[in-house]
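The values are calculated or read from the model by the stated rules, or taken from the named source; none is laboratory data. These figures come from a predicted structure and were not determined experimentally. Glycine also receives a Cβ, built like all others from the backbone with ideal geometry; neighbour counts cover every protein chain displayed. Remember, those area values only see protein heavy atoms, side chains included, never the ligands or the DNA or RNA. Shrake-Rupley method; radii C 1.70, N 1.55, O 1.52, S 1.80 Å.
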Amino acid sequence: MLFTAFFAALRFGILQNRAQERLIFAARARAGNLWAGFSAFALVSIVGIAAFSPSSAASPEAANTAASRPAANFQFATRIEGEKLPDEIRALLDDTMALGKEQASVKPTTLGQLRRRAVEEADKLNDVLRSEAYYNGRVEPVIEEGKGGRFDLTYRVTLGPRTMIRSFTIIYADNPSDAASLPHDATPLGLKPNRSVRAQRVIDLTRDALTYLENHGHPRPKLDERKVIVDLSTHLADVTLTITAGEPKRFGEIVVSNKNAKDIEGRTSAEYVRSLAKFKPGELYDRRKADATVKALRQTSLFDQVSIDLQDEADDRVAPQLTLAERPHRSIGVGASWSSDEGAGVRGFWEHRNILGGAEKLRLELNIAQTKQDAKAEFMKPHFLRDDQSLLGSFEVAHEDTDAYNEDSMKIGTALSRKLLASLEASAGVSFEIYRTRDSSGNHAYRLFGVPLTVRYDGSNELLDPTEGVRLGAYLTPYGGTSNGSATAFTKFEATGSTYWSFGKRPDLTLALRGRYGLMLAKETLDVPGSVRFYAGGGGSIRGYGYQLVGPLDAAREPLGGRSVVEGSAEARYRVTKTIGVVAFLDAGNAYSTATPKFSQPLQLGAGVGLRYYTPIGPVRADIGVPLNPRPGIDNSFQVYFSLGQAF
């Protein structure tokens with residue numbers, strides 16, 4: 001015959017907010033063991049009392065001495081002892097233990113206070129053991145007088161066998177119409193055999209049970225009761241969840257509530273908002289699809305607030321109500337840069353991120369620098385023909401005056417860009433480009449049609465200041481058209497990559513590597529417009545050398561540009577404070593007149609140091625670079641660069 005003795009009700013350390021819960025722990029003992037268990041309990045109580053008696057803790061003289069000792073001189077130390085005590089359990093007990101960690105104003109000042117506090121804290125430590133499924137374990141405080149009158153408080157931990165889950169039952173109190181298809185135990189939720197009845201595990205499985213219902217047609221499941229019954233004689237536990245699931249529901253029509261709809265800035269159309277929904281009316285309710293819809297709306301950068309609520313309809317449907325608060329759609333920005341090889345430059349832009357009410361973006365940009373002046377207009381229409389595809393359009397006019405060439409150009413193009421994965425994007429388009437180039441060989445006119453193909457992967461964590469991840473890019477453009485009135489055709493290919501590793505908590509140290517490889521399938525370099533050729537050297541290339549100055553040179557030691565290029569960079573970025581950082585770098589590379597790099601030619605090496613000032617919009621960069629193998633009469637002794645953002 002089985003007798004059941006109910007111990008005091010225990011709570012797990014974390015309570016669900018979904019429902020008021022009751023955690024009941026019962027201890028079962030066989031009739032033959034009942035008296036033995038009670039005797040052991042009594043024995044533990046006696047031992048506990050003895051541990052705090054003057055004979056076990058200290059002599060009467062020592063107790064009297066401690067009682068009369070001035071509070072400021074009362075000293076004690078605490079520690080945890082236990083055989084085969086796992087590190088994670090020791091850490092949990094240590095985190096819970098407060099004695100010895102308090103401020104001086106709240107520490108015990110007499111032996112009597114220490115005894116009382118130790119008993120109270122032992123109860124909390126025993127709760128920790130139970131939360132980790134050691135229901136037969138115990139923590140006993142023992143106080144002994146050490147050298148110099150100091151008292152040592154030892155929490156002696158006995159774990160005992162860990163209690164495992166014998167059964168995990170889910171009961172649906174309202175018996176919904178689809179109850180047969182719902183989980184009735186925790187196996188579909190990921191529970192494996194022979195798992196301990198840890199508090200956090202039970203809580204996690206409870207959450208998973210409610211989440212499963214939310215993802216399978218039940219928008220508002222409710223936990224009515226969670227009961228855990230522990231059989232101490234077998235070290236097994238039975239867990240029972242009682243849940244009100246509600247009848248299954250389907251999505252209704254989306255209701256859009258735009259707080260700024262009456263304002264001039266609140267122009268996003270409800271049709272566009274509905275087009276981003278990841279579900280269709282009539283589909284079985286699935287919280288994952290509702291959350292994905294909210295995420296898609298937030299990623300448009302059109303809204304300061306996006307939330308979704310459910311409104312019950314007369315039938316078996318719930319109507320999702322999207323509440324939106326739009327942010328201003330227009331923005332302007334300015335920037336500046338300076339380097340000793342390119343001189344000063346300023347740039348500014350105006351952007352409208354919702355110009356037609358469907359997140360269409362128009363950006364106008366103007367750059368004015370000593371070497372180049374250009375004006376650009378870029379247009380993007382997202383969700384063009386499909387959710388993961390955008391239509392791009394661009395127009396640019398530019399004038400560039402460098403040591404390599406003097407050039408006027410005009411470009412117009414369009415492309416389709418598609419997200420292949422979360423961090424992987426590809427695009428394909430067409431372009432028409434006109435160039436008038438004057439270089440050391442004379443004047444040249446080009447009219448070219450291009451088919452730009454691009455694949456980009458960005459797995460980094462930041463745009464302007466990456467500290468982790470990888471970036472990769474591949475760019476292929478076949479060109480056809482005329483060069484000085486004669487037919488011409490060539491293909492340009494370029495691949496870039498960078499990677500970042502961080503160390504420390506802030507992180508304090510970031511190691512960054514960059515590589516670049518390019519080649520041009522062209523008969524002659526002069527078949528290619530000046531700005532389309534490959535160059536190396538400068539603040540974004542090989543620091544320490546002049547802008548475009550690494551590579552083929554003419555008789556006057558002016559750059560000609562090449563048909564291939566190879567570069568590599570390494571940086572160590574150390575963040576001294578929250579706003580100040582220092583950098584050491586090494587760059588290497590060269591440009592070549594041949595269609596592929598000639599690795600028999602030596603690489604030009606540059607090294608230097610830099611300073612970073614970190615701002616909310618990105619780091620301000622100041623670098624000084626020196627050429628390690630300068631060419632006599634060509635390279636200066638150093639170059640200085642200032643700009644926004646890391647070098648790569």
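Placing R0 at 25 angstrom, the Cβ-Cβ distance between Arg447 and Leu521 gives a FRET efficiency of 0.80 after rounding to 0.05. Note on Lys289: lysines with a C-alpha under 21 Å away, same-chain residues under 8 apart excluded, are Lys222, Lys249, Lys278, Lys280, Lys419. Projected over every direction and averaged, the convex hull enclosing the alpha-carbon atoms of the range 80-153 yields 5.5 nm². In summary, the helical segments of the chain meeting the span-like criteria, namely a full DSSP H run, a Cα extent along the axis of 20 angstrom or more and a mean Kyte-Doolittle hydropathy of at least 0.5, are 31-51.
Over the range 603-648, the ratio between the Cα radius of gyration and 2.2 N^0.38 Å evaluates to 1.37.
Sorted largest first, the principal axis extents computed over the alpha-carbon atoms of the range 138-191 equal 73, 21, 14 Å.
On a per residue basis, the range 356-467 carries 53 Å² of accessible surface, using protein heavy atoms and a 1.4 Å probe. Along its three principal directions, the equivalent ellipsoid of the range 428-470 from the Cα gyration tensor extends over semi-axes of 36, 17, 7 Å, largest first. Note that the range 567-614 presents 46 Å² accessible area per residue, ligands and nucleic acids not counted, probe 1.4 Å. Calculated [222 nm] ellipticity per residue, helices only, for the chain: -5000 deg cm²/dmol; basis is -39500 (n - 2.57) per DSSP H run with n ≥ 4, divided by all residues, nearest 500.
Please work out the ratio of the alpha-carbon Rg of the range 369-479 to 2.2 N^0.38 Å and round it to two decimals.
1.29
With θ taken as phi - 60° and the Karplus curve 6.51 cos²θ - 1.76 cosθ + 1.60 applied, the whole-hertz 3J(HN,Hα) list for the range 392-404 is 10, x, 8, 9, 8, 10, 8, 10, 10, 10, 10, 5, 7 Hz, x standing for glycine and proline. Across all C-alpha atoms in the range 97-197, the radius of gyration and Dmax reach 22.0, 74 Å. Using the alpha-carbon positions of the range 120-252, Rg (one decimal) and Dmax (whole number) come out as 20.5, 77 Å.
With a 1.4 Å probe rolled over the protein heavy atoms of all chains, the accessible area of Tyr614, Tyr574 falls in the order Tyr574, Tyr614, largest first.
Diffusion coefficient of the range 279-351 by Stokes-Einstein, Kirkwood radius over Cα pairs, 4 °C, 1.567 mPa s: 81 µm²/s.
Volume per residue for the range 216-258 equals 114 cubic angstrom (convex hull of Cα atoms).
Farthest towards the positive end of the charge dipole of the chain, among the residues Leu297, Phe74, Asn175, is the Cα of Phe74, using unit charges on the Cβ of Lys, Arg, Asp and Glu.
Solvent-accessible area assigned to carbon and sulfur over the range 276-355 amounts to 50 percent, based on a 1.4 Å probe.
log10 I(q)/I(0), Debye, Cα-only the chain, no solvent, q = 0.06, 0.08 Å⁻¹? Debye curve over Cα of the chain, log10 I(q)/I(0) at q = 0.06, 0.08 Å⁻¹: -0.61, -0.88. Note on Gln103 and Leu424: the extension gain reaches 110.2 nm, defined as 0.36 nm multiplied by sequence separation minus the Cα-Cα distance.
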